[in-house]
Amino acid sequence: MEHDSELLLLNTIHEYAGQKKEISQRDLSRAIDMSLGMTNVLVKRLTHKGLIVMKKVSARNVTYVLTPDGMNELAKRTYRYLKRTMKQVVVYKEAVLSLAEKASGCGYTALVMLGESDISFIVEYAAGRFGMDFHLVTLTADIPEESFVFVSEAISENLNALPESRCVYIRNLFREDA
């Protein structure tokens, strides 16, 4: 978690450096959606590591800039983050494809994503791969009859209207302990 916060702060400083003459800790705090105190701790940590420097713009104003080591660290961490993310996408894709294949074999003609989800594009891909229709819906009443349903992780309640054999809850599908 702390490394993700550091990556977010490094990235924000890098983005702001080209846009603003002054960057306050309050600006950074708002941008990374963290308390001012936590932002201060992260700024001190990154300064101590030699990844950022604080420069005075005027007697009252400062800005933060990435050092060359900070730029290298940002590039390394971004690469590792993207690599981890791509690995997870592959895991999600395989799980969804497996479920879509089973659903197709059971006679379902469509895959439905109930609610907004970051993986709806994978469900849509799986539907196309198995010659099924894809529907993105927000209400259970809008679910077509012959469809298998992926219930978004954004939906917190269990839906008694959907039989367990006809749906999967994304939040359960990709849990660490499942």
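Observations
- Of G37, G107, all but one fail to be within 30 Å of D142 (Cα to Cα), modelled with pLDDT of 90 or more and not hydrophobic (A, V, I, L, M, F, W, C); the exception is G107.
- Of everything listed in (1) more than 26 Å from R84 (Cα to Cα); (2) of a type in the set (K, R); (3) surrounded by 14 or more Cβ atoms within 10 Å (Cβ to Cβ), the single unmet condition for R45 is (1).
- Among the residues making up region 119-153, a single one is assigned to a loop (DSSP other than H, G, I, E, B), hydrophobic (A, V, I, L, M, F, W, C), under 21 Å from E94 (Cα atoms) and modelled with pLDDT under 95: I119.
- Listed conditions (1) more than 18 Å from E145 (Cα to Cα); (2) within 23 Å of the chain's Cα centre (by Cα) are all met by D69, apart from (2).
- Residues in region 58-70 that are surrounded by 13 or more Cβ atoms within 10 Å (Cβ to Cβ) and over 11 Å from L10 (Cα atoms): V62, T63.
- Every listed requirement among (1) touching a residue at least 40 places away in the same chain (Cβ under 8 Å); (2) crowded, with 16+ Cβ neighbours inside 10 Å is met by M113 save one, (1).
Residues are listed down the side, and each one gets a yes or a no for (1) more than 29 Å from D118 (Cβ to Cβ); (2) of a type in the set (G, A, S):
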| position | (1), (2) |
| --- | --- |
| D4 | no, no |
| R26 | yes, no |
| R30 | no, no |
| L36 | yes, no |
| K76 | no, no |
| K87 | no, no |
| A100 | no, yes |
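- Which listed residue, of S24, S35, S29, is loosely packed, with under 12 Cβ neighbours inside 10 Å and of a type in the set (S, T, N, Q): S35
- Cβ separations smaller than 6 Å between residues 6+ apart or across chains give the following pairs from region 145-156 residues that are over 15 Å from T109 (Cβ atoms) to residues that are among the charged types (D, E, K, R): S152/E116; E153/R171; A154/E116.
- From R80, R166, R171, residue being surrounded by 11 or more Cβ atoms within 10 Å (Cβ to Cβ), touching an Asp or Glu at 6+ places or on another chain (Cβ under 9 Å) and among the basic types (K, R): R171
- Residue in region 101-109 that is hydrophobic (A, V, I, L, M, F, W, C) and within 21 Å of the chain's Cα centre (by Cα) present: no
The values are calculated or read from the model by the stated rules, or taken from the named source; none is laboratory data. Just so it is clear, the structure is predicted and the values come from calculations on it, not from any experiment. Positions of Cβ are backbone-derived with ideal geometry, glycine not excepted, and every protein chain shown enters the neighbour counts.
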